[in-house]
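Here the structure is laid out as structure tokens; the discussion comes afterwards.
No value in this document is a laboratory result; all are computed from the given coordinates. The structure presented is a predicted model; accordingly, all values stated were derived computationally and were not measured. Note that each Cβ is placed from the backbone with ideal geometry, even for glycine, and that neighbours are counted across all protein chains shown.
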Amino acid sequence: MSRYRGSVCRQCRRENIKLFLKGDRCFSDKCSFDRRGYPPGDHGQKRSKLSDYGMQLREKQKIRRIYGLSEKQFRITFKRADRQKGITGTNLLSLLERRLDNAVFRLGFANSRNQGRHFVRHSHFTVNGRKANIPSYQLKKGDVIELKGKSKEIQAIKDSLEAIVRRGIPQWLEIDKDNFKGTVVNTPAREDITLPIQEQLVVELYSK
């Protein structure tokens, strides 16, 4: 599967918003977005007015980059959300939030979604006592995410848990830091997702 290998800071600058893709670095003075808050490239400082289609496309790209999905993965997720009952945009965000790699990040076991994806792929976590190494695994209410025995000694995970106070944990999740365990206490509601996202623009884009 192809994946983006360039500078993730360029993605924040392209979307004109801090996406917090590099964990603690995004909160420091080294953040590229704070130092150069304009799009990358020779013409980055010459912003032009976007058309309706341009706004929809940029919103789709922003959400895709926040959650670290390829174009194909995002389209598949959208189709799944569209088939479900309810509001398609809200369904889409719920599916993205309930990905295992995102939940690992939200619980504070990783300082970015990319790091959370790395930990999941290397089988550091179990879900309901079973091995789970698929980042896109869809969690449901009642699922228990737990760090494996030897993995509890990983310093990066310990450091990330100590810094979780800065980010906070959404209400649909519950963390037991002492036992390196997290629980899905509910399905994420729209108000639980505080990211600056306009999912309706994505629905309009795919409805054409």
Counted residues in the range 178-191 being under 24 Å from Gly149 (Cα atoms) and without any contact (Cβ under 8 Å) to a residue 40 or more places away in the chain come to 3
Please indicate, with yes or no, whether at least one residue in the range 192-207 is in contact (Cβ under 8 Å) with a residue 60 or more places away in the chain, aromatic (Phe, Trp, Tyr) and not in a loop (DSSP other than H, G, I, E, B). yes
Do you know which residues across the range 120-156 are more than 22 Å from Val185 (Cα to Cα) and within 17 Å of the chain's Cα centre (by Cα)? Arg121
The one condition in (1) out of contact with any Gly (no Cβ under 8 Å at 6 or more places or on another chain); (2) surrounded by fewer than 15 Cβ atoms within 10 Å (Cβ to Cβ) that Pro170 fails to fulfil: (2)
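Listed here are the residues, each with its yes/no results for (1) of a type in the set (Gly, Ala, Ser); (2) in contact with a Gly (Cβ under 7 Å, 6 or more places away or on another chain).
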position	(1), (2)
Ser51	yes, no
Gly89	yes, no
Ser94	yes, no
Arg99	no, no
Asn111	no, yes
His118	no, no
Ser123	yes, no
Thr126	no, no
Gly129	yes, no
The range 80-103 residues that are under 16 Å from Arg64 (Cα atoms) and without any contact (Cβ under 8 Å) to a residue 24 or more places away in the chain, paired with ones that are crowded, with 21+ Cβ neighbours inside 10 Å and of a type in the set (A, V, I, L, M) (beta carbon under 8 Å, 6 or more apart): Ala81/Leu92; Asn91/Ala81
